[in-house]
1. Could you give the dipole magnitude of the stretch B:93-222 about its Cα centre, charging the beta-carbon of Lys and Arg +1 and that of Asp and Glu -1, in debye to the nearest 20?
2. With θ set to phi - 60°, apply the Karplus curve 6.51 cos²θ - 1.76 cosθ + 1.60 along the stretch B:22-33 and write out the HN-Hα couplings as whole Hz, x wherever there is a Gly or Pro.
3. In a solvent-free Debye calculation with one equal scatterer on each Cα, what is log10 I(q)/I(0) for the stretch B:41-110 at q = 0.17, 0.22, 0.25 Å⁻¹, listed in the order of the q values?
4. Put the label 7 Å from Cα along Cα→Cβ for A:Tyr106; what are its distances to the other copies, in nanometres, shortest first?
5. Among A:Met87, A:Met159, rank each residue by its count of other Cβ atoms within 10 Å, from fewest to most, as a rough exposure measure.
6. Could you work out the relative contact order of the stretch A:168-258, using alpha carbon pairs under 8 angstrom and six or more residues apart, expressed as a whole percent?
7. Short version: ³J(HN,Hα) in whole Hz for each residue of the stretch B:232-238, in order, from phi by Karplus 6.51 cos²θ - 1.76 cosθ + 1.60 (θ = phi - 60°), x for Gly and Pro, what are they?
8. Given the rotation that superposes chain B on chain A, what residue of B brings its beta carbon nearest the axis, and what is the distance in Å?
There are 2 protein chains.
Amino acid sequence: MMKGENNEDSILMNTLSSWKSYGGTLSVHEHDSNACGCAMQFAVFTPPQAANGKVPVVWYLSGLTCNWSNVMEKSGLQRVAAELGVMVIAPDTSPRGDALPNDEAYDLGQGAGFYIDATEAPWATNFQMETYITRELNELVLKEFAADPARQGIMGHSMGGHGALTLHLKNPQTYKSVSAFSPIAAPMQAPWGKKAFATYLGSDESNWSAHDASQLVSGSPSKAPILVDTGGSDGFLEEQLTPDIFIAACKAAGQSLDYRIQDGYDHSYWFIASFIEDHLRHHAKHL
Amino acid sequence: MMKGENNEDSILMNTLSSWKSYGGTLSVHEHDSNACGCAMQFAVFTPPQAANGKVPVVWYLSGLTCNWSNVMEKSGLQRVAAELGVMVIAPDTSPRGDALPNDEAYDLGQGAGFYIDATEAPWATNFQMETYITRELNELVLKEFAADPARQGIMGHSMGGHGALTLHLKNPQTYKSVSAFSPIAAPMQAPWGKKAFATYLGSDESNWSAHDASQLVSGSPSKAPILVDTGGSDGFLEEQLTPDIFIAACKAAGQSLDYRIQDGYDHSYWFIASFIEDHLRHHAKHL
């Protein structure tokens, strides 16, 4: 399942941990990222079906402050992924390291890469998360694991929901299925998004719209149906997640969207765990 | 679901957190324990069926260093418990607090109560986990939640697997179903058990056997079938968990036992998550 990991030509990654899980394997890896200029960690759930050939792969982009562990430890995705024969990749949310730029706030800097390529100092040197996810880590995973490049989907939570929607809309040929939990669906209208975009991309808002899901879907909707779940008791709902803006944009653009508000649920992994089965089945159906 | 929590007669517990999960509720509570002489926390998963009346309840006893959060965050039990209509209680593993006795080792003191009542100084004042679990917390839960006192089961992991087996064998009328992950099934023969028993109960081994599952089952097997899963790649298997001793004791005593060694799995929650559905179905079937 981990092909050529230690071949003599080059060591592309190191395996930090590996555990048997639901008949498959959960493994954690570290590699030197050119895009981010630092070592990056990611986790892979390899379903048992991968022993017999390449399987569909779903990329899970996490939210603010998270790394690979949150979704792998708390969502229970392995059970359904093992049943469906879907590989799941959980990258980190930013470059990390004492020598790298950071910010004291939880919503900026390390743990808050927003899945874009920064253009402003001091962030631009390392915070190249769009290139990292869509190019560098994609190539590494397709090379090292039994993931089918023609059957890739993308999903995420909160900041990672923004990432999933935008990276899908920018790369519909790469990510052929898409879903999100509690996405920041119109970051240009949300405090989290405005702060991150101004910091990483500069104050000229004309450079922001290429990274805003509601703007992107208006210009170029995708043929993939979008599934979104957001908790009805999510404290960030109105100010940061703004479902109405995204729903209106999708409607105007003719984008297929199933946006579900789940009554009584909040922004946490207790919410994600409750509905992740629906999301993985959505991806498996459309890949 | 939380009856009389804030009634005017007495406040028995405070609710620290509450989240909707799989249509039910996960809640965390704190109360002043008389048995332990300190504030104690525990978590409750209340299935949606509890809105309509009392439901079966399964007690989950955690292993060394854990508190309520490990199993509730990492096992995914909520999904199956919500389907089956089973309440699950996750107590802490010991008294805790800066003013209480402790030990630097991970396998003694706070986080390592071993579900027995200590008789030795300085532990005896607070480390009364058997009384706490079987009496004090039991009464509190039956009073505050929609748990059916006639349908209680018990399970646990590692040190908590020892706790589940022993507390069931000592109280078969209270805990009518039982299962364990990776239990310390013959603690008198295992380094963890010997250290804890010598510390909490003193050096006279005649006082230990009432708290050793393999000894207990020899003297008084129960009518309940016991389900045990242990990972075949568990690094503690031979030295600490000693399945052979327990299996032989059950066989000699006529105790019904299904002890499964799961190939390739270790001692972690990745293992527990992979098989917890089987355990909850076992309890639901026998309650």
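Values quoted throughout were computed directly from the atomic coordinates according to the rules given, and no laboratory measurement underlies them. Everything quoted here is computed from the prediction, not taken from an experiment. Neighbour counts run over all protein chains shown; Cβ positions are idealised from the backbone, glycine included.
1. Values: 8 positive and 14 negative charges, 91 e Å.
Here the size comes out at about 440 debye.
2. With the stated coefficients, the stretch B:22-33 comes to 6, x, x, 9, 9, 10, 10, 10, 10, 8, 7, 8 Hz.
3. -0.65, -0.90, -1.05
4. Shortest to longest, the spacings are 2.7 nm.
5. Values: A:Met87 26, A:Met159 30.
Least to most surrounded, the residues fall as A:Met87, A:Met159.
6. Working: 130 pairs, mean separation 34.6, N = 91.
Worked out over the stretch A:168-258, it gives 38 percent.
7. x, 10, 5, x, 9, 3, 6
8. Here the value is B:Gly76, 2.
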